[in-house]
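The next block holds one structure in the form of structure tokens; read it before the comments.
Each reported figure results from applying straightforward, stated rules to the coordinates on display, with no laboratory input. Keep in mind that this is a model prediction, so the values were computed, not measured. Cβ placement follows ideal geometry from the backbone for every residue including glycine, while neighbour counts extend to all protein chains displayed.
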Amino acid sequence: MPRRLLTEQPGWASTADVVVVGSGIAGLTTALEARKAGRVLLVTKTSLSAGSTAWAQGGIAAALGPEDSPDQHLHDTLVAGVGLCEEDAVRTLVTEGPQRVRELAALGTEFARAHDGTIALTREGGHRRDRIAHAGGDATGKEISRALIQALRAVEEDPGIQVIEHALVTDILTDAAGRACGVALHVIGEGRIDGVGAALGRAVVLATGGFGQVYASTTNPPVSTGDGVAAALRAGAEIVDLEFVQFHPTVLWLGRSATGQQPLISEAVRGEGAHLRDVEGRRFMVGRHELAELAPRDVVAKGVVTAMAETGAEHVWLDARHLGAQFLEDRFPTIVARCRSYGIDPVTDLVPVAPAQHYASGGIRTDLRGRTTVPGLYACGEVSWTGVHGANRLASNSLLEGLVWGHRIAVDLAENLARVAAAEPVDRDGDAVLLAADARPFIQSAMTVGAGVIRSASSLETLQARLAHLGDERRASVPTPRAWETTNLHAVAATLGRHAALRVETRGGHWREDFPERDDGRWRGHLVSALDPDGVLVTTFQPMREKS
């Protein structure tokens with residue numbers, strides 16, 4: 001793999017104390033809080049509101065109810081993570097989460113309220129208590145994004161905060177000691193600056209979201225091309241557990257030819273009582289798991305795929321008709337409107353659904369303060385691996401993780417950044433490489449077939465061969481944003497394929513049909529990859545630390 005991307009030489013530079021990349025809940029939280037540590041430069045790929053946070057329908061999980069507790073939230077998260085959660089990280093999440101959510105409400109997020117004025121709570125799959133705060137019925141992420149952006153705009157006249165939109169980060173810049181000291185980026189002809197430049201800082205925070213576009217069908221927005229994971233890998237960071245990909249079980253099925261971002265039908269619909277039925281009308285999750293349709297997502301996704309195989313169908317049905325028109329239109333206005341735009345009315349019709357890629361449980365390794373294995377480089381949100389999610393993310397823990405770790409990173413910066421001196425970037429060894437932009441659909445097709453919901457030694461061997469061929473044969477000599485994204489997707493795909501081939505068991509979001517059982521004796525641990533100085537991907541297995 002390349003240690004750097006082929007780009008033009010930077011034609012301009014901007015300097016700050018902290019460079020934050022990404023404008024979802026993780027990036028915006030970090031940027032607002034990191035102002036206490038110094039001047040902040042926030043870089044985002046398109047507009048401030050275009051990230052994955054705005055697409056989050058269900059809500060944000062926190063133990064806010066009188067009958068709930070952080071310990072119960074901890075238990076449900078550990079169960080969903082199928083033995084691979086790092087308990088210290090989960091305890092941090094569930095203990096600090098309620099206060100962070102209350103602060104989000106104080107900032108101006110208009111959560112739905114109960115009759116007594118407290119934040120209304122509902123339930124989603126894997127949760128044994130009502131602990132999901134939501135807003136706008138099914139537009140929680142959009143409302144959180146609005147409140148955070150409004151807070152950012154309120155302080156944007158402060159000379160200590162600068163925002164650069166429509167900027168694709170190509171690489172993390174490192175100094176002679178290997179410490180992160182900025183990012184190289186390309187601003188796509190918007191605003192006062194354009195072309196390739198450099199944003200220099202004493203610390204870099206990656207909050208770039210996921211990599212859903214590595215698959216042919218995903219719930220992720222078009223910007224989710226794995227840029228953060230790939231850039232961190234090239235900079236020398238460790239990448240953990242990339243094989244654990246969450247496929248959301250209820251994505252609106254639009255036909256076998258549908259590709260790109262697909263409409264999500266939130267788990268909250270099942271949380272409110274909707275049922276899953278196969279094409280013959282059976283509620284196939286009853287008897288498969290004690291929580292039936294509210295089992296953890298990996299269990300439901302496998303149940304859906306199994307029901308499809310048993311009936312020869314390409315989808316199953318989501319049945320919400322018994323919930324009634326008034327309730328559905330009030331609680332899920334966005335989902336109802338989206339379904340109706342495709343000629344399906346959840347009030348009167350069964351809704352066709354099938355799994356599609358939704359979330360990456362693995363990512364850039366960080367510690368409890370969000371620090372990666374590269375000095376000066378932090379990561380939070382979906383791009384990171386904190387150890388919280390294990391092999392399968394519990395519903396609505398993702399927004400909470402971005403919120404909690406964004407705050408923790410800002411605290412660490414405030415405590416330690418003053419001791420870090422500014423440094424100049426140096427070029428990394430190795431050739432700069434770029435993949436042709438038109439290789440993207442081949443990567444997506446190979447990943448969907450080879451490392452989709454169900455995997456095997458045969459499918460993964462074919463995947464790796466196809467990716468190697470693309471890497472060798474589809475080189476580009478002219479740098480473009482589309483080619484940079486395609487090269488990033490290729491790096492993510494190759495790493496994920498390596499991990500999926502090595503992990504010969506089934507656990508959480510990783511389903512091997514040739515090794516269908518969980519194997520704690522051999523595989524209770526993490527697969528960790530990093531590039532060596534020659535650009536060779538080195539992968540090791542690290543067993544879980546046993547509790548003392």
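When region 432-519 is described by a simple charge dipole with +1 on each Lys and Arg Cβ and -1 on each Asp and Glu Cβ, the residue from Val478, Asn488, Leu467 located farthest towards its positive end is Val478.
What is the local net charge at Arg4, summed over the other residues whose Cβ is closer than 12 Å to its Cβ (Lys, Arg +1; Asp, Glu -1)? For residues surrounding Arg4, the net value is -1. For the chain, the antiparallel share of DSSP beta bridges with both residues in that region comes to about 65%.
Averaging sequence separations of C-alpha pairs under 8 Å and six or more residues apart, then dividing by the length of the chain, give the relative contact order as a whole percent.
Numbers: 1336 pairs, mean separation 121.6, N = 548.
In percent, rounded to a whole number, it is 22.
Loop-located trypsin sites (Lys or Arg not before Pro) in region 241-303 (DSSP state not H, G, I, E or B) with no more than 16 neighbouring Cβ atoms inside 10 Å: Arg256, Arg282, Arg283. With each label modelled as a point 7 angstrom along the Cα→C-beta vector, the Phe541-Ala457 pair spans 1.4 nm.
Using C-alpha pairs under 8 Å with a sequence gap of at least 6, the mean separation divided by the residue count of region 184-302 gives a relative contact order of 18 percent. Dividing the helix sum by the residues of the chain, where each DSSP H run of 4 or more adds -39500 (n - 2.57), gives a mean residue ellipticity at 222 nm of -10000 deg cm²/dmol. Across region 535-542, rounded Karplus estimates of 3J(HN,Hα) from the backbone phi angles (6.51 cos²θ - 1.76 cosθ + 1.60, θ = phi - 60°) give x, 8, 6, 10, 10, 10, 9, 10 Hz, Gly and Pro being marked x. Between the amide H of Ser384 and those of Ile364, distances stay under 5 Å, these residues lying 5 or more places away or on another chain, with hydrogens modeled in the peptide plane.
Run the numbers on region 248-355 and let me know its relative contact order in percent, using alpha-carbon pairs under 8 Å that are six or more apart. Spell out each step's value before the answer.
Numbers: 157 pairs, mean separation 37.7, N = 108.
Computed value for region 248-355: 35 percent relative contact order.
Of the trypsin sites (Lys or Arg not before Pro) found in region 101-186, those that fall in a DSSP loop while having at most 14 other beta-carbon atoms within 10 Å are Arg128.
What number comes out for the charge environment of Ala309, summing +1 per Lys or Arg and -1 per Asp or Glu over other residues with Cβ under 11 Å away?
Numbers: positive: Lys302; negative: Asp278, Glu310, Glu314, Glu513.
With Lys, Arg at +1 and Asp, Glu at -1, the net is -3.
Give, rounded to the nearest 20 debye, the magnitude of the charge dipole that region 432-519 has about its Cα centre when Lys and Arg contribute +1 at Cβ and Asp and Glu contribute -1 at Cβ. List each step's numbers first, then the result.
Values: 11 positive and 10 negative charges, 44 e Å.
The dipole magnitude comes to about 220 debye.
Compared with the alpha-carbon gap, the fully stretched path from Gln9 to Glu314 is longer by 104.9 nm at 0.36 nm per residue. For region 302-319, 3J(HN,Hα) computed residue by residue from phi via the Karplus equation (6.51, -1.76, 1.60; θ = phi - 60°) reads 5, x, 5, 4, 5, 5, 5, 5, 5, 9, x, 9, 9, 7, 10, 10, 9, 10 Hz, glycine and proline entered as x. Each Lys and Arg contributes +1 and each Asp and Glu -1, all at the Cβ; summed about the Cα centre of the chain, the dipole is approximately 20 debye. Taking the centroid of alpha carbons for each part, region 13-44 and region 333-373 are 27 Å apart. Of the residues Ile119, Ile188, Ile144, the one with the fewest other Cβ atoms within 10 Å heads the list, and the complete ranking is Ile188, Ile119, Ile144.
The simple spin-label model puts a point 7 Å past each Cα toward its Cβ; for Asp532 and Ser257 those points are separated by 4.8 nm. Rg over Rh for the chain works out to 0.95, using Cα positions for both radii and the Kirkwood form for Rh. Computed from label points 7 Å out along Cα-Cβ, the spacing between Arg522 and Val449 is 2.8 nm. Fewest-first ordering of Leu206, Leu434, Leu417 by other beta carbons within 10 Å of each residue's beta carbon gives Leu417, Leu434, Leu206.
Take the Cβ atoms of Glu67 and Arg153, set R0 to 41 Å, and the FRET efficiency comes out at 0.60. With neighbours defined as other Cβ atoms within 10 Å of a residue's Cβ, the residues Asp319, Asp427 order from fewest to most as Asp427, Asp319. List the trypsin sites (Lys or Arg not before Pro) in region 407-499 that DSSP assigns to loop (not H, G, I, E or B) and whose Cβ has at most 15 other Cβ atoms within 10 Å. Which are they? Answer in residue order: no site qualifies. Residues in region 78-88 carry Karplus couplings, in order, of 5, 5, 4, x, 6, x, 10, 6, 8, 4, 4 Hz; the curve used is 6.51 cos²θ - 1.76 cosθ + 1.60 with θ = phi - 60°, and Gly or Pro positions show x.
Taking the Kirkwood radius as Rh and the Cα radius of gyration as Rg, region 248-355 has a ratio of Rg/Rh equal to 0.93.
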